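Participant: Before we start, here is the structure in question, set down as structure tokens.
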Amino acid sequence: MPTQAEEPSARTARFGGIESRRDLIRAIKGDDEEARAAAWQSAENFGASAVKPLADLARDKQPEVARAATRGLWRIVRHCSRPGADDERYAVYTALTGLLSGKNHTQFTRDVLWMLSEIGDELCVKRIAALAANEILREDACLALERIPGDASLNALREILDAAPDAFKPNVAESLRRRGVEIAGIPSAKKTPSKSTAVKPM
Amino acid sequence: MSTSHAGRGTVTRRSFLTISTAALGLPMLIPSRALAAPGANYRLTVAFIGLGGMGNFHLNDMKRFVDSGEVDIAAVCDADEKRLQDAVQKAGPGVTPYRDYRYILDRKDIDAVVISTPDHWHAVQMVHACQTGKHVYVEKPACCTIDEGTAMMNAARDNKVAVQVGSQGRSQPEAYLAHRYLENGVIGRIDTVTCFHYASPGDDQPVPDSEPPAELDWDLWLGPLRWRPYNKKYCHGTFRWLMESGGGQIRDRGAHVMSCAMHWMNADGTAPVSIEATGTQPKKGLWDSCVDMTVTYSFKNPDWTLTWNQPGNPVPKEERTPQEEEISRPGYGAVYHGDKGTFVHWGGDGGTWAERKCREWVPPAGAKDVFKSPGHKEDWFNGIRTSSKTIMNIDAAVGVSDLCNLGNLSFLLGRKLMWDGKNRKVIGDDLANRLLGRPQRYPYCF
């Protein structure tokens with residue numbers, strides 16, 4: 001990533017002339033691997049405005065296009081987390097929160113949940129918690145909530161625990177324990193062996 | 001010569017077979033069943049968790065201690081059934097195979113474990129082993145996050161077990177010579193240590209996600225990591241090139257080369273005050289750890305700078321005579337810059353080679369000596385037997401892992417981190433602090 005001291009002109013030159021969001025998206029969609037790499041590695045320069053177009057490409061059928069777009073999103077997320085950039089961060093995580101849906105590409109939604117775990121706050125908790133009802137996404141949703149500080153995420157985890165099916169309660173209980181909450185009546189199986197082998201001793 | 005390692009002295013290796021009653025009177029870490037039978041032909045009972053490249057190395061290497069009557073091998077464990085089958089054949093009769101390491105935790109007859117799983121498993125398995133009273137040899141790097149390191153240090157201390165981390169460069173003969181040379185100020189006051197290492201590979205031929213092979217328990221392999229579909233570029237071995245699981249060269253060889261630096265600079269227990277990284281990730285493919293990378297660590301009181309340079313400016317290996325050990329891995333090492341000269345070493349892991357002028361240096365009368373490891377495993381056994389601090393104890397190893405992990409974190413965030421080593425926090429950067437740990441999937445969590 002460019003250092004904070006780097007001049008915008010130097011940054012533009014360094015990243016192969018990606019000067020606009022349109023350049024960014026065109027290069028990621030295109031066939032030129034060098035241009036695509038230059039594009040996703042400069043994505044942080046475009047902030048929240050690039051989130052939606054990159055999210056669309058992150059679900060592209062071409063794996064390298066999807067990968068480049070996802071990595072571009074990660075760069076935006078990490079860049080906006082810097083101290084003093086709260087407005088930018090708010091814009092990014094608001095855009096990301098809008099992408100949460102159980103109907104979206106599952107692996108991409110997982111990525112978005114983990115992005116939000118890094119920069120989200122109480123304003124995105126409700127949307128994340130809603131995914132705890134989705135059997136495929138609930139694990140990532142709870143882990144994201146575990147990481148987001150504050151009472152909103154903690155209360156959301158408590159509510160999820162109450163509503164969770166028995167098989168998933170230990171997962172939620174563990175997230176709450178990691179947040180310092182004592183949970184009785186739901187034993188942890190962290191050290192309980194459960195996977196046997198077919199390999200025989202000599 | 002006087003020894004500069006306070007409290008270490010010159011511990012000599014003694015066989016577990018000949019533990020004396022007097023020795024048993026010491027506040028030792030030997031398992032209770034051994035203490036109950038003083039003078040008996042006690043052997044340390046060991047299990048192996050993770051049987052890839054390093055796991056197999058340790059399994060083979062441990063046989064010399066089996067042959068000498070000091071160790072019994074009780075169990076082998078891997079999430080890959082083919083690897084497990086191979087390990088059973090190598091380990092021989094009487095060794096129980098497990099897919100799930102938690103069976104080993106349940107076995108009261110097992111005293112110690114050797115953990116050689118991918119990095120993302122180290123902390124969870126080490127903490128669980130400590131909590132069940134087992135001594136631990138865990139491969140380097142100790143951990144993947146700052147919080148994992150904290151948990152590992154706490155687990156070792158709270159459960160009073162001996163831990164050795166596999167940065168075995170510290171135990172190499174030429175590492176002793178280098179340490180002694182630098183400790184005696186031959187190159188003066190050192191203000192800069194410049195590490196060099198060749199670049200990481202990129203994934204130039206990416207493949208699509210697929211079903212895992214039948215022999216691999218993918219869920220168990222992932223363990224604490226967030227779930228994702230299997231891709232054959234994740235494993236085996238290549239986990240190293242993923243930030244989440246392997247952290248790249250800086251967390252692989254950095255945990256060796258910077259381990260030497262921290263040891264020889266007597267900097268264990270200290271931490272940098274700032275970390276600043278730049279680098280370049282692969283242009284495509286699954287792997288995302290840095291191909292090229294530069295990290296600058298600034299230490300205060302005493303003031304010195306450590307830099308990780310990938311590739312940096314590699315120093316050509318010195319010519320050695322046929323009677324001298326060849327430098328077989330010259331692509332990484334470090335240059336130490338003092339106010340009276342420089343010193344170079346190559347390698348830093350199982351092969352650690354010191355510059356000729358250091359090897360030929362004859363300590364004058366009154367020179368300081370430094371601790372000379374009897375061997376990395378022997379030093380671990382000493383730790384188990386006598387409570388002596390191992391040369392790469394978990395506190396020291398977490399300090400080195402912190403360097404690797406903070407370097408990667410600074411790179412990922414694209415900013416300089418100001419570090420409070422005492423409180424293990426980034427100063428003035430709440431969202432960087434959020435990334436000092438990461439949620440672990442249940443039940444693969446500590």
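Participant: For peptide B:79-85, compute the average count of partner chain beta-carbon atoms within 10 Å of each residue's beta-carbon. Before the final figure, lay out each step's value.
Facilitator: Details: counts 2, 0, 3, 1, 1, 3, 4.
Averaged over the peptide's residues, the number is 2.
Participant: What aspartates and glutamates sit close enough to residue B:108 to cross-link, taking a C-alpha to C-alpha distance under 15 Å and skipping anything fewer than 8 places away on the same chain?
Facilitator: B:72
Participant: Which three lengths, in whole Å and largest first, does the protein assembly as shown cover when its Cα atoms are put on their principal axes?
Facilitator: 71, 61, 42
Participant: Please find, in a Gaussian network model of chain B (springs between Cα atoms separated by less than 10 Å), the residue of B:138, B:76, B:207 whose mean-square fluctuation is greatest.
Facilitator: The residue with the greatest mean-square fluctuation here is B:207.
Participant: Now for a separate question. Starting at the first residue of region B:230-236, write each ³J(HN,Hα) from the Karplus equation 6.51 cos²θ - 1.76 cosθ + 1.60 with θ = phi - 60°, in whole Hz, x for Gly and Pro.
Facilitator: 5, 9, 5, 7, 6, 7, 8
Participant: Checking the cross-link filter: which lysines have an alpha carbon closer than 23 Å to that of residue B:389, excluding same-chain neighbours under 8 positions apart?
Facilitator: Answer for residue B:389, where 23 Å is the Cα cut-off: B:134, B:140, B:160, B:368, B:372, B:377, B:422, listed by chain and number.
Participant: What is the Å³ per residue value for the convex hull set by the Cα atoms of region A:85-181? Intermediate values should be presented prior to the final figure.
Facilitator: Values: hull volume 8.0 nm³, N = 97.
With only Cα atoms used, region A:85-181 gives 83 Å³ per residue.
Participant: Continuing with the same structure: What do you get for Rg/Rh of chain A when both radii come from the Cα atoms and Rh is the Kirkwood radius? Display every interim value, and only then the final one.
Facilitator: Working: Rg = 20.1 Å, Rh = 18.7 Å.
Expressed as Rg/Rh, it is 1.07.
Participant: Across chain A, how many lysine pairs, 8 or more positions apart or on different chains, have C-alpha atoms separated by under 27 Å? Please give the number.
Facilitator: 15
Participant: Once the principal axes of the Cα atoms of region A:10-79 are found, what is the range along each, listed largest first in whole angstroms?
Facilitator: 33, 24, 17
Participant: With the dipole of the protein assembly as shown worked out from charges on the C-beta (+1 for Lys and Arg, -1 for Asp and Glu) around the Cα centre, which of B:142, A:46, A:197 lies farthest toward the positive end?
Facilitator: Of B:142, A:46, A:197, it is A:197.
Participant: A further question follows. Quick one: what are the phi-derived ³J(HN,Hα) couplings along region A:75-81, Karplus 6.51/-1.76/1.60 with θ = phi - 60°, whole Hz, x for glycine and proline?
Facilitator: In residue order, the calculated couplings are 5, 4, 4, 5, 5, 6, 7 Hz.
Participant: Could you name the lysines whose alpha carbon sits less than 18 Å from that of residue B:317, not counting residues in the same chain fewer than 8 places away?
Facilitator: B:357
Participant: Hey, another quick one. Can you report the principal axis dimensions of chain B using only the alpha carbons, biggest first, rounded to whole angstrom?
Facilitator: Largest first, chain B extends 62, 56, 48 Å along its Cα principal axes.
Participant: Next question, about the same structure. With a 10 Å cut-off between alpha carbons and a GNM built on chain B, which of B:405, B:393, B:301 moves the most?
Facilitator: Highest fluctuation among the options: B:301.
Participant: Further question: Between residue A:21 and residue B:154, what is the spin-label point distance in nm, taking each point 7 Å from the Cα along the Cα→C-beta axis?
Facilitator: Each label point is offset 7 Å from its Cα along the Cβ direction, giving 4.4 nm.
Any read-out appearing in this document is the output of simple, stated calculations on the displayed coordinates, not a laboratory observation. It should be emphasised that the depicted structure is a prediction, and the values quoted were computed from it without experimental measurement. Virtual Cβ from ideal backbone geometry, glycine too; neighbours counted across all protein chains shown.
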